[in-house]
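Here the structure is laid out as structure tokens; the discussion comes afterwards.
What follows is calculated from the coordinates using simple rules that are stated; it is not laboratory data. Here the structure is a predicted model, which is why all the values come from computation and not from measurement. Because the Cβ atoms are built from the backbone with ideal geometry, glycine has one as well, and the counts that use them run over all protein chains shown.
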């Protein structure tokens, strides 16, 4: 629910990113077999990959613990996701692994970094767009 | 900004898989244009 909601939000701004000549890449951590289902569920049209090894998540130091799943924001986000129709079907990937966002320019320079602190806590779409301008 | 370019260089050496299980070097994703990498928790 929470993850799909984030990707649906990104999808709603795909034209904005295209105008800015920015490539959007979503990376999950389940089996590649779940990629197409995730695309169908979210309507996401951009690049979609997976890192089942979690090596990229580990390198970027994204959290992976039970405590990161707990917290008020998680409950609030879950309620929001449920109320807007994005129910989590089942976990395809590491349930304890958190994500985040990195914006990288074509010289390989990081221009924005955000590590989710708990489930349902994500980088703001406005901040990502700002980082791309 | 709280991560270094060096970390991005290390990241670029890793690979991700597409829906056909093909390995894609991460560095190839941002070599042509500014790129937003969104790491989601899972495909749930």
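Side notes on the structure shown:
- Cα centroid of region A:1-43 to Cα centroid of chain B, whole Å: 14 Å
- Taking 0.36 nm per residue of separation and subtracting the Cα-Cα distance, full extension of the segment from residue A:133 to residue A:40 would add 30.5 nm.
- Listed from fewest to most Cβ neighbours within 10 Å, the set A:116, A:47, A:9 follows the order A:9, A:47, A:116.
- Each residue in A:3, A:132 was given a count of other beta-carbon atoms within 10 angstrom of its own, and listing them fewest first yields A:132, A:3.
- Counting every other Cβ atom within 10 Å of each residue's Cβ, B:21, B:42, A:122 order from fewest to most as B:21, B:42, A:122.
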